[in-house]
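Please read the structure below before turning to the comments.
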Amino acid sequence: MMREIRGLNEECGVFGVWGIDNAATITYYALHALQHRGQEGCGIVRVRDRQFKRIKGEGLVTEIFKEENLRTLDGDMAIGHVRYSTTGGGGIENVQPFVFRHNTGDFALAHNGNIVNSQQLQRYLEERGSLFHSTSDSEILAHLIKKDNDNRDRLYAVLEALNMIDGAFAFVIMTASRLYACRDKHGLRPLSIAKLNGGYVVSSETCAIDIVGAEFIRDVEPGEVVIIDKDGLHSVDYSKYKRHNMCAMEYIYFARPDSDIEGTNVHSCRKETGKILYKEAPAAADIVIGVPDSSISAAIGYSEASGIPYEMGLIKNKYVGRTFIQPSQDLREKGVRMKLSAVHSIVRGKRVVLIDDSIVRGTTTQHIVRMLKQSGATEVHLRIASPPIMYPCFYGVDTSTYDELLCARIKEIDKVRAAIGANSLAFLSVGALYKAAGDRKELCTACFTGHYPTALYQPIEAANKDGKF
Ligand code: SF4
């Protein structure tokens with residue numbers, strides 16, 4: 001799928017290392033494996049002899065880090081972050097990890113997710129004298145940790161702060177001697193722990209754990225803080241309320257296929273959605289095609305279940321970078337599409353089942369269907385390996401605004417089909433998502449159903465206008 005024009009963007013990836021030499025270099029390789037979770041900015045902070053040093057910038061991991069600057073980040077503890085801007089927008093000041101200087105000890109933090117009561121908390125903190133350096137909601141946790149400025153063990157301050165925030169988060173916090181890995185009590189964002197060379201790593205996705213050669217131990221549980229220090233791993237619950245409402249979009253689209261999320265491999269889950277999709281919405285066709293890359297697993301599943309051969313009917317040009325000069329309107333109309341091409345000799349004269357993982361604005365899907373038809377496909381039967389996206393996400397996934405969501409605007413499936421230009425169209429059921437993701441009982445499906453797992457908070461400006469606060 002082509003993220004930048006699809007309008008569905010991930011919200012970040014975090015990684016942390018404790019007690020392993022060259023921690024920053026390990027973090028660099030891990031961030032590279034997490035790059036799909038955010039391409040706007042990245043950073044690494046290391047700590048050595050209580051000194052924090054950070055390198056960060058706007059761009060890809062390979063653009064920001066070179067051998068020379070990475071070498072200056074020596075030490076055996078580090079945390080890193082890849083960012084796609086959500087709350088607070090872009091800009092270097094919002095690129096993480098954040099480092100906070102304080103007379104009780106410096107610390108650094110990196111965050112994946114979105115705090116839904118951030119406006120209320122920011123106002124509360126500002127009224128107590130806090131000054132915010134960024135417009136990112138991730139800074140709020142740091143201010144909450146430091147708000148009482150007392151000499152209690154920092155753990156108590158962390159637990160208290162986590163209890164005040166609501167929403168989706170995986171936080172990695174690094175002090176001069178400890179690493180804290182924290183996950184929201186709703187279980188919306190993934191975070192896993194592994195061991196390596198006598199030390200530990202924590203990661204948003206297990207693909208980064210594999211890439212650095214670490215051995216998976218377990219996931220951080222919802223509502224849990226895992227503390228890693230010279231005494232090893234310890235665990236404290238900051239909340240007794242615990243749910244496993246993992247973001248369904250992690251399985252459908254965001255996570256890498258080689259990652260396991262809460263015990264279910266992402267590729268296997270997607271393949272299963274494809275199999276169920278065939279049972280729910282069979283199509284008579286000659287070939288099955290998946291939109292690269294994230295829909296290929298589901299297309300393989302559809303092909304296996306139906307017996308219709310899977311073909312490479314679409315090719316993605318992997319080397320079109322962010323800085324590539326896009327074709328002008330005139331060239332676009334002439335059919336110059338740099339990111340995705342239909343393979344004429346494969347699709348010509350064929351009835352095609354096209355599998356895509358989701359429809360957000362619908363513009364990309366419309367282009368692909370048109371492209372396949374122009375390449376000679378006689379019929380295009382579109383099957384979507386997720387339910388229609390009808391509601392916005394408040395947990396750090398940019399699903400575009402409500403008005404831009406095609407299925408929220410046009411509620412009838414046949415009208416969506418006509419707008420896209422496919423011969424037939426069907427979506428996966430919500431129930432199938434639970435089944436495919438390891439027969440789970442809990443999952444966040446709010447962008448499909450409108451059933452949000454957390455409270456939703458009124459924007460503060462609107463609240464003031466209404467005089468409700
Ligand atoms: S609303 Fe959708 S995108 Fe947002 S966390 Fe839930 S499933 Fe994921």
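The values are calculated or read from the model by the stated rules, or taken from the named source; none is laboratory data. Fair warning: this is a prediction, and the values are worked out from it, not measured in the lab. Neighbour counts are summed over all protein chains in view; Cβ atoms, including those assigned to glycine, are modelled from backbone coordinates with ideal geometry. Surface accessibility is based on the protein's heavy atoms, side chains included, excluding ligands, DNA and RNA. Shrake-Rupley method; radii C 1.70, N 1.55, O 1.52, S 1.80 Å.
Using only Cα atoms, find the angle between the long axis of helix 23-33 and the longest principal axis of the chain, and express it within 0 to 90 degrees, rounded to the nearest 10.
20
Would you mind computing, in nm to one decimal, how far apart the modelled labels at Glu442 and Ser239 are, each placed 7 Å from Cα along Cα→Cβ?
0.9
Could you sort 195-207, 120-132 so that the peptide with the highest average Cβ count within 10 Å comes first and the rest follow in order? Display every interim value, and only then the final one.
Working: 195-207: 23.0, 120-132: 14.4.
Highest-to-lowest ranking by the protection proxy: 195-207, 120-132.
Could you state the per residue volume, in Å³, of the convex hull enclosing the Cα atoms of the chain?
Details: hull volume 70.1 nm³, N = 469.
Spread over its residues, the Cα hull of the chain gives 149 Å³ apiece.
If you roll a 1.4 Å probe over segment 395-455 with all protein chains in place, what percent of the accessible area is carbon or sulfur?
On the way: 1420 of 2720 Å².
Within segment 395-455, the accessible surface is 52 percent carbon and sulfur.
At most 13 other Cβ atoms within 10 Å and a DSSP loop assignment: could you name the trypsin sites (Lys or Arg not before Pro) in segment 205-275 that fit? All intermediate terms of the calculation are to be shown ahead of the outcome.
On the way: sites: Arg218, Lys230, Lys240, Lys242, Arg243, Arg270, Lys271, Lys275; in loops: Lys230, Lys240, Lys242, Arg243.
Of the trypsin sites (Lys or Arg not before Pro), the ones in loops of segment 205-275 whose Cβ has at most 13 other Cβ atoms within 10 Å are Lys230, Lys240.
Using Cα atoms only, what is the angle between the long axis of helix 266-280 and the major principal axis of the chain, expressed in degrees (0 to 90) to the nearest 10?
40
Considering only C-alpha atoms, what is the centroid distance from segment 11-81 to segment 117-185, in Å?
Measuring centre to centre over Cα atoms gives 22 Å.
Take each of the peptides 67-73, 277-283, average the number of other beta-carbon atoms within 10 Å over its residues, and list them starting from the highest.
Values: 67-73: 12.9, 277-283: 19.3.
In descending order of packing, they fall as 277-283, 67-73.
Order 350-360, 418-428 from most to least packed using the mean count of other Cβ atoms within 10 Å. Walk me through the intermediate numbers first.
On the way: 350-360: 25.8, 418-428: 19.8.
Sorting 350-360, 418-428 by mean packing, highest first, produces 350-360, 418-428.
Express the accessible area of the chain per residue in Å², computed with a 1.4 Å probe while the remaining protein chains stay in the model.
Values: 19090 Å² over 469 residues.
For the chain, the solvent-accessible area averages 41 Å² per residue.
Would you mind checking the tilt of helix 118-127 against the longest principal axis of the Cα atoms of the chain, expressed as 0 to 90 degrees and rounded to 10?
For helix 118-127, the angle is close to 20 degrees.
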